[in-house]
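The values are calculated or read from the model by the stated rules, or taken from the named source; none is laboratory data. Just so it is clear, the model here is predicted, and its values are computed rather than measured. Quick reminder, even Gly has a Cβ in these numbers, built from the backbone with ideal geometry, and neighbours come from all protein chains shown.
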Amino acid sequence: MATRTIRVGYLARVEGEGALDLHISDGRLARAELRIFEPPRLFEALLRGRSYIETPDIIARICGICPIAYQMSAVHAIENAFGVTVGGQLRALRRLIYCGEWIESHALHVVMLHAPDFLGYPDAIAMARDYGDAVRSALALKKTGNELLRLLGGREIHPVNVRPGGFYRVPERSEFRPITEQLMDARDRAIDLVRWVATFPFPDFERDYEFIALRHADEYPFNEGRIVSNRDLDIDIADYDSEFEERHVAHSTALHSLLKRRGAYLVGPLARYALNFDRLPAAIQALAAEVGLADGCQNPFRSIVVRALEIVFACEEALRLIGMYERPEEASVQIEPRAAVGFGCTEAPRGICWHRYEFEADGTIRTARIVPPTSQNQLSIEADLIAVAAPLVSEPDDVIRGRCEQSIRNYDPCISCSTHFLKLSVRRT
Amino acid sequence: MKEAPTRRALVVGLGNPDRGDDGVGRLVMEKLAGLLPADVPIVQIAGNILDLLTEWVGFDAVICVDAAAPLTTPGRIHRFDLAISELPRNATITSSHAVSLTDAIELSRVLHLAPRDIIVFAIEGASFTGATMAPEVAAAAVEVVGRVAAEVTKLQHISDKLAADKRDEAANSFAS
């Protein structure tokens, strides 16, 4: 029996620590395992016994790239438990800070981490020698996103200004003046970015995914909506456990999430875009049509174009929200804790981030559950890897390895967040 | 009378004060407050090291202070003049971030965004967990404060021609 093992011992240009093992037996791809070996983070356990008021600051530490996603899902869950609704300008500011996170996170991934795969460079530094303007543009976009986080969150990494009920401090209208100009420049750069990445050579590859995302009555989703799919799913976020489950698998410290009835599903930009295209402004729909994405996208490699489109959207949305901003009289609404269970689900850059908390009467956390986007995508990533690598089994290991790493980066996996994630090995038997 | 400085200088402290000795860059910046000329900004970067690339645009000289992984002795101070030597590529400067200081500088040079002169002070740490700093690392911070202040004066007043001559001299010495 011919055995072949290809191993990527440590995956580069992803957030966190993971690896990939491909098992090839008698010339057929038998198994692909995404091994997440970053140690468990134990956030759900350390939240027990802590006050609801501390939660946004603790939970921001889960991720340095997408802390807002965790903060937003948490504050919505807290408010859901305590029967509070945050509306008006405070709600608008929450969408605005999320725009900042999408801009900085997507810009980093699209240009610095993913684009080198398509253009044949080992990293962004090598790519910058030939595509300096694109890299300079990415840096400017990232800076703009960070500025928005700093303005609303106090600082760009692990922001400190988000609290249950709203914010600790809300900005004056005049404070948005400098960022407004930056956002207009960022929007133009993002449009150029869409047109640039759309010219990349994309592998001819599609899969029939079950896309899962939030869907809101009239907005492209950030903070609110029902959990829907392109099949028959349409549920309230509180009913998540009725349709989804998490399983331990031996090769990953991250729990695998699956649909109870159908298994693997996909969250993130491709899913959001497929399920909410009609919620995008007409100008962005037209840009999508210009780059050939008006009829949706089942090719995960083209997720880079969708991410770039979402940067344009986030810039547009931020400018719209700033244009309508009137400083609210109170920075937050009053919250009275009670013994209750609350749910929160928001759209992190990488997909839905679902939280459930059970509180004591004084607002102390009794139990916490956090389902990050990357843990939900693991099964889909492994299925992609089998489909992508299967036609390549007769190719040299480095060809298979390169395409597999590129496939994993289609998902912009945040391994640190999901650990409860990369190296590649291929075993041929 | 002392001549007015001809070159713009920036001082940057790198590191996260919540990660033990990684906070030494920030500690040096705090101690430098009020000791530097008013036209020399002090910037602290705790997370996004890519911010360096936009922060130092337009400056002629930058001095960075960062923690380094332990090699021999906690508190040992290394000075790198990047006109003369490169930062070691592996496992010296400790960064908990996706982009290392070495990579950020290389990317900055490729994009023609890097200042002409970059000096890096790297202080060997002992532990990078918790909020407590090793005494020998904190003591090294005091020494680095004086050395940064002296370096600023030198870099501000050295002429661009002298700086270029210095680089050429270094390059020739490597060539020979």
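Looking for something touching a helix residue (DSSP H, G or I) at 6+ places or on another chain (Cβ under 9 Å), in a helix (DSSP H, G or I) and within 14 Å of chain A (Cβ to nearest Cβ) - is there at least one such residue anywhere in the range B:79-92? There is no residue in the range B:79-92 that is touching a helix residue (DSSP H, G or I) at 6+ places or on another chain (Cβ under 9 Å), in a helix (DSSP H, G or I) and within 14 Å of chain A (Cβ to nearest Cβ).
Just one residue in the set B:ILE119, B:ILE84 is of a type in the set (Val, Ile, Thr), surrounded by 13 or more Cβ atoms within 10 Å (Cβ to Cβ) and at pLDDT 90 or above; that residue is B:ILE119. Kindly indicate whether A:SER174 is surrounded by 20 or more Cβ atoms within 10 Å (Cβ to Cβ), among the hydroxyl-bearing types (Ser, Thr, Tyr) and in a helix (DSSP H, G or I). So A:SER174 does not fit the description; no. Determine whether A:THR367 is within 22 Å of the chain's Cα centre (by Cα) and outside any loop (DSSP other than H, G, I, E, B). It is false that A:THR367 is within 22 Å of the chain's Cα centre (by Cα) and outside any loop (DSSP other than H, G, I, E, B). The set of residues in the range A:224-242 being outside any loop (DSSP other than H, G, I, E, B) and among the small types (Gly, Ala, Ser) consists of A:SER229, A:ALA238, A:SER242. Checked against the criterion of being small (Gly, Ala, Ser), crowded, with 24+ Cβ neighbours inside 10 Å and more than 22 Å from A:PHE313 (Cβ to Cβ), the candidates A:ALA138, A:ALA128 yield just one match: A:ALA128.
The condition (being within 30 Å of A:PRO337 (Cβ to Cβ) and under 19 Å from the mean Cα position of the chain (by Cα)) is satisfied by just one residue among A:HIS109, A:HIS158, A:HIS114: A:HIS158. Does A:ARG338 qualify as being over 24 Å from A:ALA140 (Cα atoms) and surrounded by fewer than 21 Cβ atoms within 10 Å (Cβ to Cβ)? Yes, satisfied. Restrict the check to the range B:51-74 and report whether at least one residue is within 14 Å of chain A (Cβ to nearest Cβ), assigned to a loop (DSSP other than H, G, I, E, B) and not aliphatic (A, V, I, L, M). Looking for residues that are within 14 Å of chain A (Cβ to nearest Cβ), assigned to a loop (DSSP other than H, G, I, E, B) and not aliphatic (A, V, I, L, M), one finds at least one in the range B:51-74, hence yes. Of the residues B:PRO37, B:PRO17, B:PRO41, the single one that is within 14 Å of chain A (Cβ to nearest Cβ) and surrounded by fewer than 21 Cβ atoms within 10 Å (Cβ to Cβ) is B:PRO17. For the range A:321-330, the count of residues that are more than 26 Å from A:GLY100 (Cβ to Cβ) and in contact with a strand residue (DSSP E or B) (Cβ under 9 Å, 6 or more places away or on another chain) is zero. Against the numbered list (1) within 14 Å of chain B (Cβ to nearest Cβ); (2) closer than 29 Å to A:VAL312 by Cβ, A:GLN71 comes up short only at (1).
For every residue, the table says whether it meets (1) in contact with a Phe, Trp or Tyr (Cβ under 8 Å, 6 or more places away or on another chain); (2) surrounded by 19 or more Cβ atoms within 10 Å (Cβ to Cβ); (3) modelled with pLDDT of 95 or more; (4) of a type in the set (Lys, Arg).
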residue: A:VAL228; (1), (2), (3), (4): no, yes, yes, no
residue: A:ILE237; (1), (2), (3), (4): yes, yes, yes, no
residue: A:GLU243; (1), (2), (3), (4): no, no, yes, no
residue: A:ARG272; (1), (2), (3), (4): yes, yes, yes, yes
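Okay, residues lined up against (1) within 19 Å of the chain's Cα centre (by Cα); (2) of a type in the set (Asp, Glu):
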position: A:LEU214; (1), (2): yes, no
position: A:ALA217; (1), (2): no, no
position: A:PRO221; (1), (2): yes, no
position: A:ARG226; (1), (2): yes, no
position: A:ASP234; (1), (2): no, yes
position: A:GLU245; (1), (2): no, yes
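Can you spot a residue in the range A:58-79 that is farther than 17 Å from A:CYS345 by Cβ, touching a Gly at 6+ places or on another chain (Cβ under 8 Å) and at pLDDT 95 or above? No: zero hits. Exactly one residue among B:ALA163, B:ALA141 is part of a helix (DSSP H, G or I), modelled with pLDDT of 95 or more and either polar (S, T, N, Q) or surrounded by 14 or more Cβ atoms within 10 Å (Cβ to Cβ) (or both), and that residue is B:ALA141.
If I filter the range A:365-400 down to residues being surrounded by 16 or more Cβ atoms within 10 Å (Cβ to Cβ) and polar (S, T, N, Q), which single residue comes out as nearest to A:ILE65 (Cα to Cα)? Filtering first and then ranking leaves A:THR374.
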